[in-house]
Every structure is written in structure tokens, then in C-alpha cells.
Amino acid sequence: MKSAHEIYEEAAKLWNPDRVKTIHELGGELVIGERSGSYFKDLSGHRFINMHSNGGVFNLGHRNPEVRAALQHGADLVDAGNHYFPSEYKNTLNEKLLAVSPESMRYVFTLNGGGEAIDAAIKFARFATKKRRIISLDIAFHGSTGLAMAAGNPTIANFFNMPPDPELNTHIPYNDLNALEIALQGNDVAAVLIETLPATAGFPMPIDGYHQAVEYLAHKYGALYIADEVQTGMQRSGSMWACEHFGATPDMIVCGKGLSGGYYPMSAVIMNERAAAWMQQDGFAYTSSFNGTELGCIVAAKVLDILARKTTLDNRDMLTDVFASGLRRLQARHADFLVEIRQCGVIMGLKTAHPLGGQALMQAMLHHGVWCMMADFDQSVLQFKPNLLMTKACAEDVLKRLDAALTEAASLVKTVAAVH
Ligand SMILES: Cc1ncc(COP(=O)(O)O)c(C=O)c1O
């Protein structure tokens, strides 16, 4: 078996030179080996607690045994299936998704990645409204596909020499309803696309009534409201969808990440009748080879079964409380460095007093055996994202390690340089 160092040397040639360089600058050569539940090991056998969960891909932990069994059983029964035809597995998944979504939702269109599903939702909105402009947040990340990239923070689109077209995209500040209404007044807007809690900006919380006002204003000007729930969906916020938690009902909910069970890439656009208008006119207009992949539907249906259980939701609520009280305690001990705690269920952002404090804390946490990531668009913040099934003992262990890491990060921050 190759060493981590050998894997990194090869990866610099075969995989992604700059990514390898950046990880080196952050001080590590982490290659993930064995993994299970809330933990993974590196190739030398050092154990880490996963507090990043790949943004919710591992919402049910690593290699969840029930999801794995469903995948294995499914592989004995079916394969990818054929996207042209209906199937019982597709219907079952769609029925389960609709059952946990707002009553107004009627149809589900499944794809494989979050960005791909955001692209699809934008197309559906343009068909439904016969308008083209998309309003989104200037601090959002919606994925790396074309329309999703253009809707997110423009830095990435600019990097790829595809600056958002001002005729098609308007980026507005978060929590600024006045800016939203001004942008809608041209009556040319197909959709207002909102990441319910902007993850890459470190989960800043909305002002009271924000999402409800977004819904109201979008509809007032004939636009659809799309909620990007790729990170915030799947029971992570305290509700199935975070927009529900904030009392808003979108026309489309886009989810991904956790729907995969950590095993089989799956994303979905859940939509109401109006948003699904294209399906009444030409159902073949949008095709994708892996739309409604049968094996993926089996895996995702199992994920939804686990999410529906009282024990899962009780565990999430227990984690929410343990982290809420533990973080409050730590903030009191590290008041100069840990200046703000953002929390909605098990979605958390820890804001530090220093512009690169999130990066320093990420490095310090890694020294203390916890993997979590800074927020890329605001590197003063550390994203803090446990899986729903983490045990209480593990959560308490994370808090103990965070206590030590906060002390270390407060001095490390004087020497860190931005990695990108
Ligand atoms: C909020 C949000 N939307 C969309 C995406 C894109 O999802 P994917 O990486 O599966 O394309 C991401 C990915 O991190 C995300 O965080």
C-alpha cells in the first residue's frame, strides 16, 4: 500500500497540482483511510472526528450500515435503470420526498449533483415564467455548473472567464429586502434563488421574517422562489427543510448531498405545479442519463426512512442542545477570539475576531483530531457540521478538543497567511 506522501506526490501530477500545494501549505498530507460513523482514520491510523461531513453528504455518518445494506441489496436487484421509463423505485422515492415537503409540492426531478439540480431549477423557472433574470445572493455558492456558478458569488465565474451576464443575473446582499424589491421591479425576473443559510459565507443568520418576505416579494413580481437546501436540507436545521424552519414555502426546493447517503450521488428538484409547467408540455425536453437512477432511488429512499425516525430526530435535537450549551460555555472562556456562534439545529458557524481566524481554527482542530473547514467566503468563520447520528460522547469530545484548539488558534492566527 502506498504512503500518504507517495499518494500526494502522484496526486500533484495526476490529480490537481494546486490543490496538493494548498493542502501542503495548510500543513498536512491527509489521506482518508478507514471510516465509520463520525470518524475516519488517516493512513497511519490516526483517528479524526468528522465535523465537516462534506456539507451534509455524511449527514448519516460514514458508511451508514443501513444505507450500505440498501445499496448492496439494490445492486442485486437493479442497475442505473433507464431514464426514459417510469419505475416503482423512482415513484417510491418521489412519494417519500413529497411526503416530507410542503403540501404545495407536486413533482420531483432527480439528478446527481447539487449544482446540476440548481441549473435544472433555473431552467424550469425560466420556462414557467417566460422570464430570464435570476436574482441571487452575492455571498452564495450554488455549485460549479454553468447557471449555478453564474448565480453564486461572481469570483469563481470570473476566475473561469465566464463573468455573469448583467442581463441575466443580479446579485444582491443577504438580508437586504430593499435591494431585492428594487431588483424585482423590472418585472423580468424568473426566479429568486436563495441559499437558505449561506454555507460558504459561514451560515450568517437571516433577519426576522427574511425568507417569508423573499417568498412574498418574488410572487408579487411574478417570479418563482427557489430554496437551495443542498446544505441546509435533510433535517439538519431542525426541520426537514430550513426554509420551513423559517416559515417560508418556496416554489422549488433543491436538495443534494445527504440524499446520497454518502454513497450514491443523488440530488433533487422538488417543485409545485407552476414550477413543473414544462412537464405538462414536453416531458422529454430535459433528459439526463442518470435522471432517476434506480439504484440511487433505492439508496435515497433508505436515507429518507432513516430521517423519518423519531430516534434520528431525537438525536439531532440532543446534539443541537449539547452544542448550544457547550459553545456558549466556550465562548465565555474564549470571548476575545470566539466572537459569535451561529446555530440552526446542527448547522453551525463559529465566527472569530480575526479575518483568518476560521483558517487558524481549522488547522488547530486538525492538530486536535477534528476535521472541519473554514468558510471560504469569510475565512474568519469555521463551519461546524456534525452528522445527525453523532453520539453525545463524541459531541462532548469535540467540544473538549475545540476548547484546546481555540487557545492554540488564538496564537496561531498571528502567523497564518490566506491560502486562497
Ligand atoms: C448550498 C450549495 N448549493 C449547491 C452546491 C453544489 O452541490 P454539488 O457540489 O453537489 O454540485 C453546494 C456544494 O457545496 C452547496 O453548498
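The values are calculated or read from the model by the stated rules, or taken from the named source; none is laboratory data. Small disclaimer: the values here were computed from a predicted structure and weren't measured. Cβ coordinates were reconstructed from backbone atoms using ideal geometry, including for glycine residues, and neighbour counts include every protein chain displayed. Each accessible area value is taken on the protein alone, full model and side chains, heavy atoms only, with ligands, DNA and RNA left out. Shrake-Rupley method; radii C 1.70, N 1.55, O 1.52, S 1.80 Å.
I want to check the label-to-label distance for E408 and R63. Put each point 7 Å from Cα in the C-beta direction and report it in nm to one decimal.
If labels sit at E408 and R63, their model points lie 2.6 nm apart.
Antiparallel as a % of all DSSP beta bridges within the stretch 65-308, to the nearest 5? Walk me through the numbers on the way to the answer.
Working: 10 of 26 bridges.
Given both bridge residues lie in the stretch 65-308, the antiparallel proportion sits at roughly 40 percent.
Angle check, please: helix 114-129 long axis (alpha carbons) against the longest principal axis of the chain (alpha carbons), in degrees 0 to 90, nearest 10.
So the inclination is approximately 30 degrees.
In a Gaussian network model over the chain where Cα atoms closer than 10 Å are linked, find which of L60, L26, L389 has the largest mean-square fluctuation.
Sorting by GNM fluctuation, first place goes to L26.
Along each of the three principal axes of the Cα atoms of the stretch 357-420, give the extent in whole Å, ordering the values from largest to smallest.
Per principal axis, max minus min of the Cα coordinates gives 35, 23, 13 Å.
Which lysines, if any, have their Cα less than 25 Å from the Cα of K351, not counting same-chain residues under 8 positions apart?
K257, K385, K392, K400, K414
In degrees between 0 and 90, to the nearest 10, how far off the longest principal axis of the chain does helix 88-99 point, with axes built from Cα atoms?
Orientation of helix 88-99: about 80 degrees from the principal axis.
Take the alpha carbon gyration tensor of the stretch 18-159, find the square roots of its eigenvalues, order them as a ≥ b ≥ c, and report rounded if a/c is under 1.5; if not, report prolate when a/b exceeds b/c, else oblate.
Values: a/c = 2.38, a/b = 1.18, b/c = 2.01.
Here the stretch 18-159 falls in the oblate category.
Roughly how many percent of the accessible protein surface of the stretch 65-308 is carbon and sulfur, given a 1.4 Å probe and a whole-percent answer?
Details: 5060 of 9570 Å².
Its accessible area is 53 percent carbon and sulfur atoms.
Helix-only mean residue ellipticity at 222 nm, the chain, DSSP H runs n ≥ 4 weighted -39,500 (n - 2.57), per residue, nearest 500. What is it? It would help to have the intermediate numbers written out before the result.
Working: 15 runs with 171 residues, N = 420.
So the calculated ellipticity at 222 nm is -12500 deg cm²/dmol.
Pairs of alpha-carbon atoms within less than 8 angstrom and 6+ residues apart define the contacts here; what relative contact order does the stretch 65-308 have, in percent?
Details: 492 pairs, mean separation 74.3, N = 244.
Taking the mean separation of contacting Cα pairs over the length of the stretch 65-308, I get 30 percent.
Could you tell me what percent of the DSSP beta bridges with both partners in the chain are antiparallel, to the nearest 5? Don't skip to the end; give the middle numbers.
Numbers: 29 of 47 bridges.
Of the beta bridges lying entirely in the chain, close to 60 percent run antiparallel.
Where Lys and Arg each count +1 and Asp and Glu each count -1, what net charge lies around I139 among other residues with Cβ under 15 Å from its Cβ?
Here the count lands on -4.
For the chain, what's the relative contact order in percent, using C-alpha pairs closer than 8 Å and at least 6 residues apart?
Details: 872 pairs, mean separation 86.8, N = 420.
21 percent.
Considering only protein heavy atoms, what per residue accessible area in square angstrom results for the chain with a 1.4 angstrom probe?
Values: 17770 Å² over 420 residues.
Result: 42 Å² per residue.
Given R₀ = 51 Å, FRET efficiency for K21-E273 by Cβ-Cβ distance, to 0.05? Each step should come with its number before you reach the end.
On the way: r = 50 Å, r/R0 = 0.98.
Working from the Cβ atoms, E equals 0.55.
Taking the chain as a Gaussian network, where each spring joins two C-alpha atoms under 10 Å apart, which residue of E396, E215, E88 fluctuates the most?
Residue with maximal mean-square fluctuation among E396, E215, E88: E88.
If the viscosity is 1.002 mPa s and the temperature 20 °C, what translational diffusion coefficient in µm²/s does Stokes-Einstein give for the stretch 65-308 when Rh comes from Kirkwood over Cα pairs?
Details: Rh = 18.0 Å.
Diffusion coefficient, whole number: 119 µm²/s.
From the square roots a ≥ b ≥ c of the eigenvalues of the alpha-carbon gyration tensor of the stretch 264-315, which class results: rounded (a/c under 1.5), prolate (a/b over b/c), or oblate?
Values: a/c = 4.21, a/b = 1.81, b/c = 2.32.
Cα axes put the stretch 264-315 in the oblate bin.
Between the alpha-carbon centers of the stretch 31-46 and the stretch 129-164, tell me the distance in whole angstrom.
35
Over the heavy atoms of H334, what accessible area does a 1.4 Å probe trace out, to the nearest 10 Å²?
The value for H334 is about 20 Å².
In degrees between 0 and 90, to the nearest 10, how far off the longest principal axis of the chain does helix 294-308 point, with axes built from Cα atoms?
70
Out of G114, G152, G326, any idea which swings most in a Gaussian network model of the chain, alpha carbons joined below 10 Å?
G326
Tell me, in nm to one decimal, what length is gained between E95 and N178 on full extension, where the rule is 0.36 nm per residue of separation less the Cα-Cα distance?
On the way: separation 83, 0.36 × 83 = 29.88 nm, distance 3.78 nm.
Contour length minus Cα-Cα distance gives 26.1 nm.
If ligands, DNA and RNA are left out, what is the accessible area of D176 with a 1.4 Å probe, given in Å² to the nearest 10?
Roll a 1.4 Å probe over it and D176 shows about 50 Å².
Whole-Hz ³J(HN,Hα) for each residue in the stretch 66-75, computed from phi via Karplus 6.51 cos²θ - 1.76 cosθ + 1.60 with θ = phi - 60°, x for glycine and proline: what do you get?
After applying 6.51 cos²θ - 1.76 cosθ + 1.60, I find 6, 5, 4, 5, 5, 5, 5, 5, x, 5 Hz.
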